[in-house]
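For reference, the structure is listed below as structure tokens.
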Amino acid sequence: MESAEFTGYAVRLTLDQVHEPAFMTVGGKRMCVGDKGYCYLQYFPDGCGYAVTKMLDAQGRTIQWYIDICKRHGKDEQGYLYYDDLYLDIVVLPNGEVYLLDEDELEDALKKGAIDEEEHQFACRTAAALLEKYSAGQREWFDYPNPWK
């Protein structure tokens with residue numbers, strides 16, 4: 001996808017059938033993040049160290065934006081999109097609350113050698129920069145247009 005608002009890959013996943021709903025607790029609140037009719041809009045912005053999943057319920061209301069901090073993302077030889085996860089995640093709720101998640105997973109990955117110090121620092125810098133943008137009122141880095149409307 002290439003537009004004034006977004007350049008990169010965009011994917012839509014609609015949950016037509018689910019065995020059981022999926023829940024996630026963020027900020028002490030348990031919320032349904034996957035059920036029949038839910039839709040995930042995934043964005044892989046060119047040149048950025050993150051991927052964004054906008055989760056919508058069956059009525060099209062935004063549940064949350066889930067931002068995966070990643071080393072890189074792209075398309076493999078078979079044409080499948082991928083991202084190399086660096087453990088840190090940011091969740092933005094529609095009411096404006098924002099959360100940094102999985103700092104413990106990032107530290108464990110460094111201790112276990114799953115990532116090196118450079119990757120650790122990259123993840124921390126990227127998350128900090130995104131949180132700073134959010135605090136400054138800049139939201140264009142995660143709230144991309146829906147090309148499937």
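The values are calculated or read from the model by the stated rules, or taken from the named source; none is laboratory data. Fair warning: this is a prediction, and the values are worked out from it, not measured in the lab. No Cβ is skipped: glycine too gets one built from the backbone with ideal geometry, and neighbour counts run over all protein chains shown. With ligands, DNA and RNA removed, areas are computed over all heavy atoms of the protein, side chains included. Shrake-Rupley method; radii C 1.70, N 1.55, O 1.52, S 1.80 Å.
Inside the range 1-40, can you point out the residues that are closer than 16 Å to W148 by Cβ and small (G, A, S)?
S3, G8, A10, G37
Got at least one residue in the range 37-52 being farther than 19 Å from A10 by Cβ and surrounded by fewer than 16 Cβ atoms within 10 Å (Cβ to Cβ)?
Yes, because at least one residue in the range 37-52 is farther than 19 Å from A10 by Cβ and surrounded by fewer than 16 Cβ atoms within 10 Å (Cβ to Cβ).
Taking E140 as the residue in question, decide whether it is out of contact with any Leu (no Cβ under 8 Å at 6 or more places or on another chain), open to solvent by 50 Å² or more (accessible area, probe 1.4 Å), in contact (Cβ under 8 Å) with a residue 24 or more places away in the chain and over 30 Å from V18 (Cβ atoms).
Spelling it out, E140 is indeed out of contact with any Leu (no Cβ under 8 Å at 6 or more places or on another chain), open to solvent by 50 Å² or more (accessible area, probe 1.4 Å), in contact (Cβ under 8 Å) with a residue 24 or more places away in the chain and over 30 Å from V18 (Cβ atoms).
Does the range 41-56 hold any residues that are among the β-branched types (V, I, T) and either closer than 18 Å to A129 by Cα or in a loop (DSSP other than H, G, I, E, B) (or both), and which are they?
V52, the sole residue that qualifies.
It is to be established whether one or more residues within the range 58-70 are touching a Phe, Trp or Tyr at 6+ places or on another chain (Cβ under 9 Å) and either loosely packed, with under 12 Cβ neighbours inside 10 Å or modelled with pLDDT under 95 (or both).
Taking every residue of the range 58-70 in turn, none turns out to be touching a Phe, Trp or Tyr at 6+ places or on another chain (Cβ under 9 Å) and either loosely packed, with under 12 Cβ neighbours inside 10 Å or modelled with pLDDT under 95 (or both).
Specify the residue that is farthest from V92 (Cα to Cα); the eligible residues are those in the range 17-28 that are free of Cβ contacts under 8 Å to residues at least 60 places away in the same chain and part of a strand (DSSP E or B).
Applying the filter and picking the extreme gives A22.
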